[in-house]
Amino acid sequence: MPLEPDKSQSAEESSDEPSRAGRSNSVNTSEESVRKRIRQSTPSPHRENIPQASPPRFVSMEELMDAAKGVTNMALAHEIVVNGGFQIKPVEFPQGSLERTVRDIVHKAFWDCLETQFSEDPPVYDHAIILLGEIKESLFSFLLPGHSRLRNQINEVLDLELIKQEAENGALDIPKLASFTIGMMGTLCAPARDEEVRKLWDIKESVPLFRAIFAVLDLMKLDMANFAISSIRPHLIQQSVEYERNKFQDFLEKQPNSLELVTSWLQELTDDLLAKDSAAASSSSLCPTAVLNHAYIKLLTWDHERKPFPETLVMDQIRFQEMKLEATQLTLLGTMLLIIQNSTTPGITSHTAFMDRMKSLIKLLLEGVGTPSVNTEEALATISEKICVELSNYRSQHGFTPFSGEREEALRGQIRTASSPSNQIYRLIDSRIQTFLLGYLSAANLRSVPELPGGISQIEKELEEMAVKFVRLVNYNKMVFSPYYDSVLAKILNKQDVRP
């Protein structure tokens with residue numbers, strides 16, 4: 001949640017309060033969120049066939065840890081750069097999982113122990129003092145170096161030595177310390193957390209209050225980390241480009257024929273483009289940039305199960321798989337909307353509210369289509385029945401002539417076969433989506449949006465959202481690997497020119 005630096009406060013406090021936009025402490029994050037997006041175990045395509053030039057060297061645990069840390073850091077930096085919406089989120093263990101059970105048991109034991117100490121006569125504050133020390137450190141973590149007055153306030157009120165003396169003499173005022181803590185949290189938190197902080201004032205019991213304070217502090221730390229990420233993203237891009245390129249160069253030096261899959265990918269696209277342009281006598285008519293852009297578009301139809309992915313794109317293979325699925329569902333959505341438009345009278349398709357409702361319904365029913373867990377034929381059969389019911393109801397309610405049985409069956413048939421490669425409408429929508437994405441990719445440096453091809457205006461919003469994600473990913477990949485692409489394409493196009 002972005003932090004806002006201009007939350008209203010007193011003039012005295014505003015000089016010392018940490019700017020909500022300036023918190024750039026180190027980011028603590030779980031590696032699990034990165035592993036979900038990146039295949040850590042993707043093997044090198046030729047590693048198993050390489051003869052060993054020397055006996056294998058034993059690797060120390062320290063070296064393994066350093067290597068693992070380097071890979072994780074690179075993956076995290078890559079994720080932050082290419083994912084414009086990247087945010088750290090709280091770790092949520094599934095209900096009933098071993099991790100959650102263990103965590104709940106440990107937490108319950110700790111808070112029960114604190115409750116027992118508070119219930120003794122006189123109360124024991126050993127655990128409470130430890131918690132106050134952690135609260136103090138958490139509040140410090142939200143401050144910038146120049147916020148000396150706030151730092152002094154925290155030091156003065158949460159003076160652990162004084163607190164220990166007060167506890168020993170039975171004079172410790174927990175409610176007073178809690179009130180100061182909540183007030184300071186209200187000063188330092190992002191506006192989005194104001195409601196959570198306000199609720200703390202309503203908790204009167206000490207143990208539940210401590211638990212709630214720590215829960216809100218954890219959320220504040222996430223806010224701080226996420227704003228730091230958004231702040232460093234522009235500076236991280238160039239660093240990450242150089243870092244990834246250097247790591248890839250190290251890989252190339254150790255693995256012969258390491259660009260074989262990239263070469264095959266670009267060679268195939270070059271051959272396809274030349275085959276489509278029968279008038280071209282040689283590849284001199286091909287622009288390397290155009291070949292590369294077409295190659296990226298081809299990734300949206302890549303057979304991930306049967307064809308190895310190009311080496312330079314392995315880190316983003318899952319992301320391209322997701323975009324392929326999104327493109328497939330978007331093509332089906334555009335196909336069905338165009339079928340409805342062609343099968344009904346203009347009076348119906350010009351009714352914006354009805355077509356928007358049909359679009360939302362089809363999008364909902366298309367969820368999962370294209371994945372192994374969903375049978376596409378069954379999904380399309382369900383959608384065809386639902387569309388016919390909706391159209392029949394609309395026609396009867398607005399005085400249109402009902403569909404004949406033959407015409408309704410023809411509509412069902414068109415929708416059931418909407419995903420067939422031989423379906424002319426599907427092929428048309430697919431071609432125009434690819435044309436739009438190619439135009440978006442080619443115009444990216446010009447900061448202009450290409451003209452939308454005819455027939456896909458009803459999916460314009462979804463298509464532009466996908467185009468933005470696709471272009472961001474492609475442009476970053478180009479920045480990292482352009483020297484390798486240029487080298488491979490130069491060899492391919494020069495070789496093509498000298499063919500008899």
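Data for the structure
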| item | result |
| --- | --- |
| Residue list for the stretch 76-102, filter: of a type outside the set (A, V, I, L, M, F, W, C) and either within 18 Å of residue 207 (Cβ to Cβ) or part of a loop (DSSP other than H, G, I, E, B) (or both) | 83, 84, 85, 87, 89, 90, 92, 94, 95, 96, 97 |
| The lone exception for residue 373 - which of (1) touching a residue at least 60 places away in the same chain (Cβ under 8 Å); (2) open to solvent by 30 Å² or more (accessible area, probe 1.4 Å); (3) small (Gly, Ala, Ser) it fails | (1) |
| The stretch 203-224, subset under 21 Å from the mean Cα position of the chain (by Cα) and open to solvent by 20 Å² or more (accessible area, probe 1.4 Å), residue farthest from residue 92 (Cα to Cα) | 221 |
| Filter result for the condition that a residue is outside any helix (DSSP H, G or I) and either at pLDDT 95 or above or surrounded by fewer than 20 Cβ atoms within 10 Å (Cβ to Cβ) (or both), over 275, 353, 279 | 279 |
| Residue ID - nearest to residue 172 (Cα to Cα), chosen from residues in the stretch 88-116 that are of a type in the set (S, T, N, Q) and open to solvent by 40 Å² or more (accessible area, probe 1.4 Å) | 116 |
| Unmet criterion (only one of (1) open to solvent by 80 Å² or more (accessible area, probe 1.4 Å); (2) modelled with pLDDT under 85) for residue 119 | (2) |
| Segments classed as helices (runs of 4 or more DSSP H), wholly inside the stretch 401-500, with at least 2 members that are open to solvent by 60 Å² or more (accessible area, probe 1.4 Å) and of a type in the set (Ser, Thr, Tyr) | 424-442 |
| Options 227, 248; residue that is of a type in the set (Phe, Trp, Tyr), assigned to a helix (DSSP H, G or I), in contact with a Lys or Arg (Cβ under 7 Å, 6 or more places away or on another chain) and surrounded by 14 or more Cβ atoms within 10 Å (Cβ to Cβ) | 227 |
| Filter result for residue 172 (surrounded by 13 or more Cβ atoms within 10 Å (Cβ to Cβ), assigned to a helix (DSSP H, G or I) and in contact (Cβ under 8 Å) with a residue 12 or more places away in the chain) | no |
| Any hit, the stretch 178-194, residues being under 31 Å from the mean Cα position of the chain (by Cα), open to solvent by 60 Å² or more (accessible area, probe 1.4 Å), over 23 Å from residue 124 (Cα atoms) and free of Cβ contacts under 8 Å to residues at least 12 places away in the same chain | no |
| Selected residue (criterion: least open to solvent (accessible area, probe 1.4 Å)) from residues of the stretch 296-308 that are in contact (Cβ under 8 Å) with a residue 60 or more places away in the chain and not aliphatic (A, V, I, L, M) | 296 |
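The values are calculated or read from the model by the stated rules, or taken from the named source; none is laboratory data. Note that this is a predicted model, so its numbers are computed, not measured. Glycine also receives a Cβ, built like all others from the backbone with ideal geometry; neighbour counts cover every protein chain displayed. Ligands, DNA and RNA are excluded from the accessible area calculation, which covers all protein heavy atoms including side chains. Shrake-Rupley method; radii C 1.70, N 1.55, O 1.52, S 1.80 Å.
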